[in-house]
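Since the structure comes first, as C-alpha cells, the remarks are kept for the end.
The values are calculated or read from the model by the stated rules, or taken from the named source; none is laboratory data. Model, not experiment: these values are computed from the prediction. Every residue, glycine among them, receives a Cβ derived from its backbone with ideal geometry; neighbour counts consider all protein chains shown.
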Ligand code: ATP
Ligand code: MG
C-alpha cells in the first residue's frame, strides 16, 4: 500500500474538545473523524485496526467452537417486548416503523434458537457476530471509548444444562483473555454487575487507565477484583458497640442540611450521621434508603435489590414521605408507611444523628432499633479503598480506574424462559436452554490500546493490531535510486506477507518522520542518503536506540525477522 493512495490526513494539533489521549491521537493520526456527538467515521487506518482486532476475535471464537452470524440492526419492538427490554434506557427508536436500533442481540439469537433448535443433539450452540451496535448514551466521551454507534463482538451460548453453560462461559472467558493478550493489552477480569442484561455470573475485562470511567477494587491478599458497582462492602464499625447512648433529642439546625454542614455544626464525625435518601423504585413507589454519613449509596446494588433503576425522589415526594423539605429526612417518625432499607453498617451506628423530618431540625443520640424500627439490612454502600476485602478478612481493598473492554455473562434461563426457547432431552422431556452472552467493544479496544501504548510523539501500536506492520519512508521521492530501493523493499516485504506501507509522498522528510511516529508503525525503514553507502536505516517505534544501518541486500530479510520477533511476543 502507498501513502499517496491511502487517505490518512494527519493533523498537527488535536481539536480542543478531545480530552483522552486516544481521542487526540486517533484524530491527529487520521484514523477517525467525528460526524455528530458519539458518532464517528473510520478512515482507512482506523478500519485496518478494527479489522485486525476483529480477525483475532474471530480466530479465538472459532477456536472454541464459535460460529459466525450477522444479525440485523433493526429490531422490531414486538421482539424486545418478549424479554421486557423494550424500555431499556439506551435504546434508539425508529418510531415511524416501530423498530429499535440493535444495542445487543440476545432476543434475535434466542428467536433463531427457539425456532431452529429442537433437540439436545443440536447443543451446545455458540454463535457470534461482529457488528455495529447503537446505544443512546447520555454522555458520549473520549472519542471511541463511549460512543453512540460502535463495533462489538457479541457472542451467545446455548446449552442443555448449567454445567455445560458454565463450561461455555469459561471457554469464552479464556478466548477473550487470549484475545486481549494477542492485541497487546493487559486486560483482567473483575466481578461485575450484570446490568440491563440481567443474570447471575458476570465479569468484566478491565484495562487500567487513570481516565477510565470504572472503579476497580482489588484485594491485596488474594486475586479478587471487582467493579465498584458490584464489590461487596464489608461493614466497617466506626463506634464502640458497647457505648451507652443517651435519650434521643431534637436540636435546631437552621439552614444546615448537607452531611458536611450537619457534621460541622453539631461537631460529630460523619460516621455518626445516618444519611436518609428517598428513592423512587420502579413503578414509582418511594423507598427510604439509609447509609452512614461518610458512605455512598450504590446505585447498582440498589437497582438490583429494587428490581430496576431507582433514582432519588423529587422534592414533592420527599416532602410527602417525610413531612419536611429536602435535607431534613430521617428514619424516625416518617409520615408514610414506606419500606425502609439500610446498608448493614447503619446497624453499627451508635449515638447517631439524622434529619428530624421537620424543617431546620435534626435528631441526636439516635440508636437504630431503639428509636426507629430495625430496617431491612443489605449490602447497599459502595466499597472504598481501605475496606476489609470480601475475599479475605486479612486483606484490604485498593482502588484503580479502568476501561471496560469486554464483558461475560451467564444468565441461565433468563431469555429462554421469557421467549420460550426449549429443546427436547434424551428422555423426550422439554427443557429450557441455558444461556450466556459475551461482548468485546472492538472500537473501544482500539482506544484502550492507545491509552496504554503511546508517547509524546504519537501511538505505539502492538504489531498485531497496527494499521501497518512496517513503514518504508522514501526520504526523497524525486531521487531515482532511493525510489527504486524503496519500491523494491516494498515489493519484497509484500511478497513475504508483511503488511507494509510505502510513504511515497512528495513531502519534506520531517513531515514523513513525524507522521510515522504519530501513526505508530512498529517498524520503520528509512531509505535516504545512507543508500550511497549501500544501507538503509531500520528502527523500532518503541525504542529509538534500536536504530541500525542494514545493508540493502539484507534489508528484506532483516525486516522480516524483526516483524516475526515482535509478533512472537504477542502469541501463545
Ligand atoms: P458500559 O458500562 O461501559 O456502558 P456496558 O456494560 O453497557 O458498557 P456491555 O453491554 O457489557 O456494555 O457491552 C459489551 C462491550 O461493548 C463493553 O465491554 C464495551 O467494551 C463495549 N461498549 C459498550 N458500550 C459502549 C459504548 N457506548 N461505546 C463503545 N463501546 C461500548
Ligand atoms: Mg458491560
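Key figures
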read-out: Long-range neighbours under 7 Å by Cβ, at least six apart or interchain, first residue in contact (Cβ under 8 Å) with a residue 40 or more places away in the chain and within 18 Å of residue 132 (Cβ to Cβ) within the stretch 95-117, second more than 16 Å from ligand 2 (Cβ to nearest atom) and assigned to a loop (DSSP other than H, G, I, E, B); value: 105/71; 109/71
read-out: Selection within the stretch 312-342 - assigned to a loop (DSSP other than H, G, I, E, B), under 34 Å from the mean Cα position of the chain (by Cα) and closer than 22 Å to residue 253 by Cβ; value: 313
read-out: Subset of the stretch 428-450 (residues that are within 24 Å of residue 39 (Cα to Cα) and within 13 Å of ligand 1 (Cβ to nearest atom)); value: 438, 439, 440, 441, 442, 443, 444, 445, 446, 447, 448, 449
read-out: Selected residue (only one of 196, 233, 247, 243 is at pLDDT below 95 and either farther than 29 Å from residue 446 by Cβ or part of a loop (DSSP other than H, G, I, E, B) (or both)); value: 243
read-out: Any hit, the stretch 309-322, residues being touching a helix residue (DSSP H, G or I) at 6+ places or on another chain (Cβ under 8 Å), surrounded by 19 or more Cβ atoms within 10 Å (Cβ to Cβ) and touching a residue at least 24 places away in the same chain (Cβ under 8 Å); value: yes
read-out: Sole exception among (1) without any contact (Cβ under 8 Å) to a residue 60 or more places away in the chain; (2) at positive phi; (3) buried (at least 23 other Cβ atoms within 10 Å of the Cβ) for residue 520, by number; value: (1)
read-out: Selected residue [touching a helix residue (DSSP H, G or I) at 6+ places or on another chain (Cβ under 8 Å) and farther than 30 Å from residue 167 by Cα] from 458, 435; value: 458
read-out: Counted residues, the stretch 199-219 - those being at pLDDT below 95 and farther than 23 Å from residue 22 by Cα; value: 4
read-out: Filter result for residue 537 (without any contact (Cβ under 8 Å) to a residue 24 or more places away in the chain, farther than 30 Å from residue 178 by Cβ and not in a strand (DSSP E or B)); value: no
read-out: Residue selected from the stretch 412-453 under the condition over 13 Å from the mean Cα position of the chain (by Cα) and within 16 Å of ligand 2 (Cβ to nearest atom), by the criterion surrounded by the fewest Cβ atoms within 10 Å (Cβ to Cβ); value: 414
read-out: Hits in the stretch 199-230 - residues which are in a strand (DSSP E or B), under 16 Å from the mean Cα position of the chain (by Cα), more than 10 Å from ligand 2 (Cβ to nearest atom) and more than 27 Å from residue 346 (Cα to Cα); value: 206, 207, 208
read-out: Elements of type strands (runs of 3 or more DSSP E) in the stretch 99-178, at least 1 residues being within 16 Å of ligand 2 (Cβ to nearest atom) and more than 30 Å from residue 21 (Cα to Cα); value: 149-159
read-out: Filtered residues of the stretch 185-207 (kept if surrounded by fewer than 20 Cβ atoms within 10 Å (Cβ to Cβ) and within 28 Å of residue 564 (Cα to Cα)); value: 186, 188
read-out: Condition check for residue 28: within 16 Å of ligand 2 (Cβ to nearest atom) and either under 16 Å from residue 520 (Cα atoms) or in contact (Cβ under 8 Å) with a residue 40 or more places away in the chain (or both); value: no
read-out: Matching residues in the stretch 371-399 - criterion: being in contact (Cβ under 8 Å) with a residue 60 or more places away in the chain and under 18 Å from residue 279 (Cβ atoms); value: 375, 378, 379, 380, 381, 382
read-out: Single residue of 7, 69 found to be on the phi > 0 side of the Ramachandran plot and surrounded by fewer than 20 Cβ atoms within 10 Å (Cβ to Cβ); value: 7
read-out: Filter result for residue 271 (on the phi < 0 side of the Ramachandran plot and surrounded by fewer than 20 Cβ atoms within 10 Å (Cβ to Cβ)); value: yes
